[in-house]
Every structure is written in C-alpha cells, then in structure tokens.
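The values are calculated or read from the model by the stated rules, or taken from the named source; none is laboratory data. Predicted, not measured: the structure shown is a model, and the values here were computed from it. In this analysis, Cβ positions are derived from the backbone assuming ideal geometry, glycine residues included, and neighbour counts consider all displayed protein chains. We work out accessible area using only protein heavy atoms, side chains counted, and drop any ligands, DNA or RNA first. Shrake-Rupley method; radii C 1.70, N 1.55, O 1.52, S 1.80 Å.
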Amino acid sequence: MDVSYLRNTRSPFRPPLHYPLRSDSRVSISFGKTSKNVNSYSVCRKMCLASNSDTMVAGKVNKERKSSGISGSKNDEEYGDLKSWMHSNGLLSCKVVLKERSSHDSNHRPIHYVAASEDLQEGDVAFSVPNALVVTLERVLGNETIAELLTTNKLSELACLALYLMYEKKQGKKSFWYPYIRELDRQRGRGQLAVESPLLWSETELNYLTGSPTKAEVLERAEGIKREYNELDTVWFMAGSLFQQYPYDIPTEAFPFEIFKQAFVAVQSCVVHLQKVSLARRFALVPLGPPLLSYRSNCKAMLTSVDGAVQLVVDRPYKTGDPIVVWCGPQPNSKLLINYGFVDEDNSYDRMVIEAALNTEDPQYQDKRMAAQRNGKLSVQFFHVYVGKEREAVLDMLPYLRLGYVSDPSDMQSVLSSQGPICPVSPCMERAVLDQLASYFETRLAGYPTTLVEDEALLADCNLNPKRRVATQLVRLEKKILNACLQGTVDLINQLPDHSVSPCPAPYAPSLK
C-alpha cells in the first residue's frame, strides 16, 4: 500500500491499518519452504535460507535506505518499539523477543519475527496479549449487533477490519495503534519468507500459476474484494457513531480500490481466527501474532482467547532465539499461498479438488441423481484428493463414475433397488471408466507449461525470483498429486483380467473438471 498517499492526501478520511502500507505500492506476504528430498533443489534452498542473517532488535535504531510508511524520516525509537508500546499498555512479562532477518529484496527493510527470549518447554505460555491490545469487530464497531449484521450481509470481517485500520492509519502518530501499524508497515504483509499473496501479483507474475486451479481462485477472490469495496460505504452509514471521530470522506471517496485491496490482503495475512468466542470477536488482529509468528502445518500451537487476553501456549520445546511457530489450520497449499504467500511442502492437509457431474442430458439422469444422493453424493460432486491418499481418492470416485455409465434401464432399476453404491460392472464399462480417469489426469498434467523435472531445475536456482519460486513449489506439489492419481489409475487398468476388451461407448458419461 502506498503510505505516502495515505499521509499526504488532503481528503478528510483516516485509515486504521493493521496492514503494511509502503511507498512501493505493494504489500507482501510470507511463504515457507521445506523439503524432504535430498537433491540440488533442497541443498540450494538451505544455502539460500542460510544467507538470511538474524540479529536482535532491542531498542536500537535500524538504519534504512528509505523511511517506511508512517515512520517518515524519524527514528523508530522516537515512539518506542512494538514490545515497549505493548508493555506500557498492559502486556505483562512474556518470553519472546523481536528479532530480524533480511528480505529477499535488498531495497526492502528486514522483517521482524517473534523468537524465544529464553528456553521454553512444551506447555509454556510464550505471551499473553490483553484484549485492550487486540483489534476485533466488537472493539471496532462497539455494538455487537451491528458487527454481526455487517458480517452476515455483504461485507466480511476482513473488509471491516481493513477499513477501520485504513482510517486509523490516516491519523498517523495521533493514533493509539501507531506502533502496531508501523510494525505492520515494516512487514509489508510479508510473512517469514517474504512473498506477497498472488492477489497482489501482476498479470505476468500470475502466469507462473498457469495450469493450476489456484490461478482462477486468485482471480475470483480479487473480484470478491472488488465487490466488498463497492459496499464499504455501508459501514460508514451503519456505524456512524464510530466514524464520527474521523472527519473524512466516505470510504470509496477516501480510498482508491488498489489501496483498499492492499489493505485487505495485508489484514488477511495477519488475522487470527479465535475459537469459542462471539461472532464479533472471532477474527482478531493480535500484536506479536502473525505475520511476526511463522505459520506451520505440522504445528499444534494456536492463539486462544483466555480470561481477557489472547495467549500462545507452545507445543514444543524452544531454545533461546528460536523462531516461534503456530498452526495455520487444515489448509491446502493453494489457500496458504493466497492467504499468506507461502507453500508448505510438508503439509499433510494439502489437497486438490476434482469436480464430477452426472450428465443432465441422460434420459436416466433423475434416477441416477436419486441413486447418488442415497449414497451421500450429489449430481455435481466434489472429490477431495489428499496428498498421500491419491489411490483412495481414485477408488472413491469409481462408483460415482460407474453410475454415470449405466445405460440399460433394467440395470438402473437394479441399482435403485440395491443397498450401497452397487452398479453392474462389465469389463468394457470398467475399462471405459478407468480410461476416462486416466485421460483426465493426463490432460490436467499437460495443462502445466513445465514438467516436474523442469520444476526441480528451477527450484535448484538460488537466484530464482521469490514469486516464481513459491509458484513453482505449488505447481510441483500439484503435479505430484496428479501423477500419483494417474499411476493409481494405470495400476487398476493393469489389474483388469482381459486387456483385449475395448471400452464400451458412453454417450452420457459423467464430466470431470
């Protein structure tokens, strides 16, 4: 986000911003990389990561090539660092410290991260942030009824939080949240490996995702953000008591769409989803939380709401100086990339989605729809293919596809009268079903402009553009899932007793997307 615009505009509007706004007009987001394979890619990756120096941030002044966001040209210590501000506003003793590591781009400031200030054991409370330092809709809008109304209508919690922070940011150093906003400015929406969400990539950069369904998801999410922007004025009129303190224009006049989009993406990158709280408090912005904390798929630690505070109990031992990590939820890598700008190669929740649909032109469509519903499936069914469980996913799809191939009305009546997903299966039908699946996976793989071998070669290059790197990581993992599905299908074809049987014609075969 362009901070200079927010500071210098004469428009009567103020932004409270927990998102990083910078003069380079972009807000970046974090990504993480891990690899089990001992190859040139993993060796190179370790060398690249090792080049990031870690230094303590303890009240010293960081020398910058240029000033960041609200900070202007004055030293950071004029207003104290983030932890000092938190301690002066109710943060009790905590067992973490802020450290910094260099950015991929030498023109950008180093990013901060939360590390253990002492040795920690599993079950220790790393920190406890009082609710007075946590931003939620309940705090922003004051009236929980209004908060619930807004978030169940046309605006999401993220849009409301982004708007609040945009107005608050416009107050500059007068804002109570100035130290936190300044820290988010510094992070520029980046997590701990410093790549922006694809929502902020250029069209050329989005082409790194060609062949991946994630590219369409990014474009769809961007359209959703645009629709929310067009509804922003609703907040202004419905929560007038809140915005009386901001003598500025209504939102869509105060902030161009690109500014809001960057704010939205930045809030998205650091918002915490709290459990067992009211609707108006479920999404929270927590100082010392993300993006200062690193997300990891195999971690169990979560930020939780406890006795008037949000605290973090660690799930593993830490040595002094170790980065603190938290669980990012059961999200596939496509969501991790869009939401936080990183891909986790050890993500056991990674998955792809295959859409199968019965043919509506089929004369027996209604009977087949009824049979599918009886077995817990829909006429348009989404199958989730989890990493490491590709063969199981293929076997799960087969009964549904066989149903689509039934053509004889008497066979269809047999299906309707049977218990369970039973279809008469002839050798030629089974071959046709498996051939369709194999062809589908081959087509999906052919849609990527690079092969797995070429992806490995790209990732072995330490000088690879960070966005290209994280995009390549994603498509590489997708191809591995699709290849495993294809191999599982071919194995089933090879197990057929008679390979001389030709696939039977299927005028009303189900579609696969």
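Figures for the structure shown
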| item | result |
| --- | --- |
| Some residue of segment 188-207 being open to solvent by 10 Å² or more (accessible area, probe 1.4 Å), over 30 Å from Y440 (Cα atoms), assigned to a helix (DSSP H, G or I) and at pLDDT 90 or above | yes |
| Complete set of residues in segment 430-449 that are under 25 Å from the mean Cα position of the chain (by Cα) and buried (at least 17 other Cβ atoms within 10 Å of the Cβ) | R444, L445, Y448 |
| R281, sole failed condition from (1) at pLDDT 90 or above; (2) in contact with an Asp or Glu (Cβ under 6 Å, 6 or more places away or on another chain); (3) open to solvent by 10 Å² or more (accessible area, probe 1.4 Å) | (1) |
| Residues that are farther than 26 Å from R351 by Cβ and open to solvent by 70 Å² or more (accessible area, probe 1.4 Å), drawn from segment 495-509 | P497, D498, H499, S500, S502, P505, P507, Y508 |
| Subset of segment 364-375 [over 34 Å from the mean Cα position of the chain (by Cα) and either loosely packed, with under 13 Cβ neighbours inside 10 Å or among the hydrophobic types (A, V, I, L, M, F, W, C) (or both)] | Q366, M370, A371 |
| Subset of segment 270-294 [in contact with a Phe, Trp or Tyr (Cβ under 6 Å, 6 or more places away or on another chain) and closer than 19 Å to A115 by Cα] | P287, L288, L292 |
| Evaluation of Q381 against (1) free of Cβ contacts under 8 Å to residues at least 40 places away in the same chain; (2) within 22 Å of G211 (Cα to Cα); (3) touching a Leu at 6+ places or on another chain (Cβ under 8 Å) (one fails), failing number | (3) |
| Flag for E478 being surrounded by fewer than 16 Cβ atoms within 10 Å (Cβ to Cβ), at pLDDT 95 or above, assigned to a helix (DSSP H, G or I) and of a type outside the set (S, T, N, Q) | no |
| In segment 415-461, the residues that are in a loop (DSSP other than H, G, I, E, B) and at pLDDT 90 or above | G447, Y448, P449, T450, T451, A460, D461 |
| Filter result (within 20 Å of F176 (Cα to Cα) and open to solvent by 10 Å² or more (accessible area, probe 1.4 Å)) within segment 245-278 | Q245, P247, Y248, V271 |
| Pair list, Cβ < 9 Å and 6+ apart or interchain, from segment 210-239 residues that are assigned to a loop (DSSP other than H, G, I, E, B) to residues that are open to solvent by 50 Å² or more (accessible area, probe 1.4 Å) and not small (G, A, S) | T210/P449; G211/P449; E231/N153; E231/K154; A239/N143 |
| Residue selected from segment 376-411 under the condition aromatic (F, W, Y) and part of a helix (DSSP H, G or I), by the criterion surrounded by the most Cβ atoms within 10 Å (Cβ to Cβ) | Y405 |
| Failed criterion for I354 (all others in (1) open to solvent by less than 70 Å² (accessible area, probe 1.4 Å); (2) in contact (Cβ under 8 Å) with a residue 60 or more places away in the chain; (3) within 30 Å of L120 (Cα to Cα) hold) | (3) |
| Selection from segment 306-336 of residues that are of a type in the set (S, T, Y) and either modelled with pLDDT under 95 or under 30 Å from L219 (Cβ atoms) (or both) | S334 |
